[in-house]
Amino acid sequence: MSEAGRLPGDRTDRETVERVIRVDHAGEYGATRIYAGQLAVLGRGDKGDMLRHMHAQEQVHLDTFGSLIRARRVRPTALLPIWHAAGFALGAVTAALGEKAAMACTVAVEEAIDEHYAGQLDTLGADEAGLKDTIGKFRAEELEHRDIGLAHGAEQAPGYRLLSAAIKAGCKVAIRLSERV
C-alpha cells in the first residue's frame with residue numbers, strides 16, 4: 001500500500017511482513033514442541049515413525065522461518081519460552097490421553113494453522129512471491145498432517161469436539177499474541 005493511501009494505524013508493508021515472519025516462526029516452534037511432547041509419550045509405539053515424520057517437516061518449517069528472521073532482521077516473539085513449555089505440555093498431555101487424542105490435537109492445530117496461512121496468503125502482496133510460495137508449500141504440509149490425524153482416528157477421541165475447540169481457541173490466542181509481542 002502506498003504511503004499516501006495509508007490511514008493512521010495502518011501497518012506498513014514492512015510491518016505486515018515482520019508480523020507474518022514473527023508469528024510463523026513462533027507457530028512452527030510451537031509445532032516442533034508439540035510433536036516433541038507427543039514423541040516423548042508415544043515415540044516408541046506404532047505411531048512413532050509417523051510422529052517423527054511430521055516433526056521433521058515442522059523442523060524444516062522452523063529452520064526456514066529462523067533463516068527469514070535473521071535475513072530480514074525481524075524480532076522474534078518474546079513469548080518463545082512460553083511456547084517452549086506450552087507446546088511440549090500440549091503434545092505430552094494429549095498423547096497421554098491416548099493416540100486418538102494426540103491425533104485430535106494434530107487436527108485441531110493444523111486446521112487453525114491452515115486458516116491462519118490462508119489469511120496470510122490473501123494479505124501478502126505480489127512483491128512477496130517468495131514468502132507466499134514458502135507459506136503455500138508449508139500450508140500443504142500442514143494439511144497433510146491434518147489428513148494423517150483424521151486417518152488415524154482423531155475424531156474418535158473422547159470429547160473430540162470440546163478438545164478440538166479448546167486447542168483451536170488456544171492456537172488463535174497464541175497467534176494474536178505472537179504477532180504483537
Original post:
Yes or no: residue 143 free of Cβ contacts under 8 Å to residues at least 40 places away in the same chain and either over 24 Å from residue 51 (Cβ atoms) or part of a loop (DSSP other than H, G, I, E, B) (or both)?
Top reply: no
**OP:** Within region 90-112, count every residue that is more than 15 Å from residue 166 (Cβ to Cβ) and either at pLDDT below 95 or not in a helix (DSSP H, G or I) (or both).
**Re:** 1
Subject >> Conditions (1) surrounded by 16 or more Cβ atoms within 10 Å (Cβ to Cβ); (2) β-branched (Val, Ile, Thr); (3) at pLDDT below 95: number failed by residue 148 >> reply: (3)
Original post:
Going by the structure shown, is residue 115 among the charged types (D, E, K, R), under 15 Å from residue 170 (Cβ atoms) and part of a helix (DSSP H, G or I)?
Top reply: yes
Original post:
What residue, among those in region 102-119 that are surrounded by fewer than 22 Cβ atoms within 10 Å (Cβ to Cβ) and over 10 Å from the mean Cα position of the chain (by Cα), is farthest from residue 52 (Cα to Cα)?
Top reply: 119
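Can you report the number of residues in region 146-181 which are on the phi > 0 side of the Ramachandran plot and in contact (Cβ under 8 Å) with a residue 40 or more places away in the chain? Steps first, answer last, please.
Applying the first criterion (on the phi > 0 side of the Ramachandran plot) to region 146-181 yields 153, 159.
Next, only the ones that are in contact (Cβ under 8 Å) with a residue 40 or more places away in the chain stay: 153.
The qualifying residues number 1.
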Original post:
Can you find even one residue in region 122-130 that is buried (at least 19 other Cβ atoms within 10 Å of the Cβ), touching a helix residue (DSSP H, G or I) at 6+ places or on another chain (Cβ under 7 Å) and either without any contact (Cβ under 8 Å) to a residue 60 or more places away in the chain or part of a helix (DSSP H, G or I) (or both)?
Top reply: no
Original post:
farther than 17 Å from residue 37 by Cβ and out of contact with any helix residue (DSSP H, G or I) (no Cβ under 9 Å at 6 or more places or on another chain) - does that describe any residue in region 51-70?
Top reply: yes
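The values are calculated or read from the model by the stated rules, or taken from the named source; none is laboratory data. Model, not experiment: these values are computed from the prediction. All Cβ positions, even for glycine, are placed from backbone atoms using ideal geometry, and neighbour counts span all protein chains on display.
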